[in-house]
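Let me begin by presenting the structure, written as structure tokens, before commenting on it.
The values are calculated or read from the model by the stated rules, or taken from the named source; none is laboratory data. These numbers were taken from a predicted model, which means no experiment stands behind them. Cβ sites come from the backbone with ideal geometry, for glycine too, and all protein chains shown count toward neighbours.
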């Protein structure tokens, strides 16, 4: 006669939950905040833009940022990750754009791919969720509001 060993069903469920729970948490987190193109801060770019503001001059944005992009998206203030990713068509490595009242993000694309994404604590642009091409220039707004740059397609 052969002996058959059985394991208590509650033990099987507990063991499965011990493996399934960490796996479920990892899967949940992987879809909720990590992965995609990295969003970084760029002190040098911020400094260059502040200089343009201080000098009240108008220059092509490509002179400040460097070449390598053909579209730029401007997202001031608090925008959701979902909204930004929908606009740019690619996931970004961030939870939310938490620029607060004065911050924001700028996303540069070449073709269909994001090539640069920059977060600003003090957002220099007087634009709202707009998209511009490579001929865009930045300069002081005509209404004379200081401290911001207006973007104009040329």
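Some observations on this one:
- Number of residues in the stretch 117-130 that are within 11 Å of residue 106 (Cβ to Cβ) and under 14 Å from the mean Cα position of the chain (by Cα) equals 5.
- Test for residue 134: is it at negative phi, modelled with pLDDT of 85 or more and either surrounded by 14 or more Cβ atoms within 10 Å (Cβ to Cβ) or in contact with a helix residue (DSSP H, G or I) (Cβ under 9 Å, 6 or more places away or on another chain) (or both): yes
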